[in-house]
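These notes are about the structure you will find just below.
What follows draws every value from the coordinates through simple rules; no lab data is involved. All figures in this text were calculated on a predicted structure; none of them were measured in a lab. Cβ sites come from the backbone with ideal geometry, for glycine too, and all protein chains shown count toward neighbours.
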Amino acid sequence: MPEAVADVRVEKEGLNFRGLSGERKPAEEFRFCEGQAGDMSLVADVLEGRQLGVIYRNYLHQEACDAIKDNFWRNTFRYSRGADAPAEYLGTYHYRKPLHRYAGESAEANRHLPGLFEGLTNPVEAFRNDLNRELGRRGRRLRQAVCKGQETCRFVMRSWSGEKEFALEAHDDESQCLDPLQDGFEIQTAARRNALGAVNLCLENGSGGLLRMWNIRPDLASKVALGLEVTGSPYPPECLDGIECFDVPIRAGDLYVFDGRFVHAVTILEGHQQTGRATISFLLANLDDRETISWT
Ligand SMILES: O=C(O)CCC(=O)C(=O)O
């Protein structure tokens, strides 16, 4: 473990902290590109760590977004999740779970998730097929990560409306993947490789709800100093002061993929809206030279 923790200074809830250190992208890579439907080469570039993010505008039509939302609110397997990220969910996450639990919940989720797309083309599988073709050209293939012999959950759908400074606080997606509780899970190998692709398909967004990206992939010393080494969340806003960042406006129908190792957040959802923010999401990473895996 790095020993830099000892030289940090500012008081932060009993911890000593001087500021985030870690990897930063050169200016020409710290950006989102717009992709053209069907062309997944930019996603493959994100997974190879050569590009921060890509967004496909209007990946899904409004009618399809509305139909999926209706199916979501009708689905009886929906559940609410706790205080750190309050929302309504369908599907399950590996976050902080013993592997046997994630495996069991994945098996169940994968049985009822397709119900969201009744009468529609399944956009998650369409994306996966397009990406798999692109990966094939690069000598690799996409498959679902396996946990305790079980295919992991294909995706999570969630809807939430928050009134806090951030609708989703600043966090990274890497730390949770390296949780010692989940030692031996293949996502740990994948997360340590080139990049961690956070895939999101937006089905609804009111005003606000922008994706904010900071140009920092915090190192372990910084995470340990903040007590975030297995959660990656939340980074206190003051520790991000002065770090380059930008916002990506997100609209219903947009699909975007970015390197979730870099700190990111969702900005406040304005106006106590009836309209919340609803997305489908999952993670992707290259496992080795031949395979790319996905999980939630
Ligand atoms: O909804 C988004 O745009 C980002 C979601 C996110 O950061 C997450 O689920 O970890």
Short version: ³J(HN,Hα) in whole Hz for each residue of region 185-200, in order, from phi by Karplus 6.51 cos²θ - 1.76 cosθ + 1.60 (θ = phi - 60°), x for Gly and Pro, what are they?
6, 4, 5, 5, 5, 5, 5, 7, 7, 7, 6, 10, x, 8, 9, 9
Could you tell me the distance between the Cα centroids of region 18-79 and region 99-129, to the nearest Å?
18 Å
Percent of beta bridges antiparallel (DSSP, the chain, rounded to nearest 5):
90 percent
In whole Hz, the Karplus estimates of ³J(HN,Hα) for region 170-181 (6.51, -1.76, 1.60; θ = phi - 60°; x where Gly or Pro) are 4, 7, 10, 9, 7, 4, 4, 6, 9, 4, x, 4
What are the ³J(HN,Hα) couplings of region 35-49, residue after residue, when phi is run through the Karplus curve with 6.51, -1.76, 1.60 and θ = phi - 60°? Round to Hz, x for glycine and proline.
x, 9, 3, x, 9, 9, 5, 5, 5, 4, 5, 4, 5, 8, x
Bin width 5 Å, origin at 0, all Cα-Cα pairs of region 203-288: what percent of pairs per bin?
3, 12, 21, 20, 19, 15, 8, 2, 0, 0
What number, rounded to the nearest 500 deg cm²/dmol, is the helix-based mean residue ellipticity at 222 nm of the chain, given -39500 (n - 2.57) per DSSP H run of at least four residues and division by all its residues?
-6000 deg cm²/dmol
Which whole-number percent gives the relative contact order of region 207-296, counting Cα pairs below 8 Å spaced six or more residues apart?
40 percent
Taking R0 as 41 Å, what's the FRET efficiency between Leu220 and Asn58 from their Cβ-Cβ distance, rounded to 0.05?
0.55
Long-range HN-HN contacts of Tyr235 with modeled amide H, under 5 Å:
Ala170, His171
Most exposed to least, judged by fewest other Cβ atoms within 10 Å, Ser222, Ser175, Ser80 sort to Ser80, Ser175, Ser222
Mean separation of Cα contacts under 8 Å (6+ apart) over length of the chain, as relative contact order %:
29 percent
Order of Val263, Val257 under a 10 Å beta carbon neighbour criterion, fewest first
Val263, Val257
How big is the shadow of the Cα convex hull of the chain, averaged over all directions, in nm²?
15.0 nm²
Among Trp160, Trp73, Trp214, determine the one that fluctuates most according to a GNM of the chain built with springs between C-alpha atoms less than 10 Å apart.
Trp73
Using the Cα centre of the chain as origin and beta-carbon charges of +1 (Lys, Arg) and -1 (Asp, Glu), tell me which of Asn132, Ser207, Gly276 is placed farthest towards the positive end of the dipole.
Asn132
When all C-alpha to C-alpha distances in region 160-203 are sorted into bins of 5 Å, what percent of pairs does each bin hold, rounded to whole numbers?
5, 18, 20, 19, 16, 13, 9, 1
Stretched fully, the stretch from Glu28 through Asp70 gains (0.36 nm per residue minus C-alpha distance, one decimal, in nm) 11.1 nm
Neighbour counts of other C-beta atoms within 10 Å: give me Leu42, Leu116 arranged from fewest to most.
Leu42, Leu116
